[in-house]
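Each remark here refers to the structure printed beneath this line.
Readers should treat all values here as calculations from the given coordinates under stated rules, not as data from a laboratory. Owing to the predicted nature of the structure, the values given are computational and were not obtained by experimental measurement. Here the Cβ is made from the backbone with ideal geometry for all residues, glycine too, and neighbour counts use every protein chain on show.
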Amino acid sequence: MNLEEKKIYLVLSPYINYYHSYRGDMNGPSGFGLDIAFMEKILDQLDAIEDRGLCGGITRITWDYADTFWSIQLQREYQQHILDRVIERCKKGKDEVLIGSWSNIAQPILDTEEFQQQHKLLLNRKKNNKIKKK
């Protein structure tokens, strides 16, 4: 085994869940404010790594959002500029986003009928949002 020919891959995947940090309905340090600061620092570090030319100038990351109900809703309200940065990185093919559920439901506890209904509601919501935008 020639160690010089081996590679180590590190997959970055921050977990975003403002609901679990949602203490006291605050965007400060006692609420989800630390999450907001951490996410911004992660993006700043990614930009710094890429600006230095490390990793070929592209550092890929997977953003693992727990849900859209709390996390993305709160991010839109308090951190739109960061959400825009994530969207832009995804458009450039650098990053990807995984979303757990749109309604903050613990999907593993749903029975088959509830699970299917959950996804029908999501698809209808997406369809209605597209219609409203036009």
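Worth a mention:
- With a simple spin-label model that places each label point 7 Å from the Cα along the Cα-to-Cβ direction, the separation between LEU121 and ARG60 comes to 3.4 nm.
- Summarising the overall dimensions of the stretch 3-101 from its C-alpha atoms, the Rg and Dmax are 15.0, 52 angstrom.
- The length gained by stretching the chain between ASP111 and GLN73 to full extension, at 0.36 nm per residue less their Cα-Cα distance, is 11.0 nm.
- Distance between modelled label sites at TYR9 and LYS92, nm, 7 Å Cα→Cβ extension: 2.2
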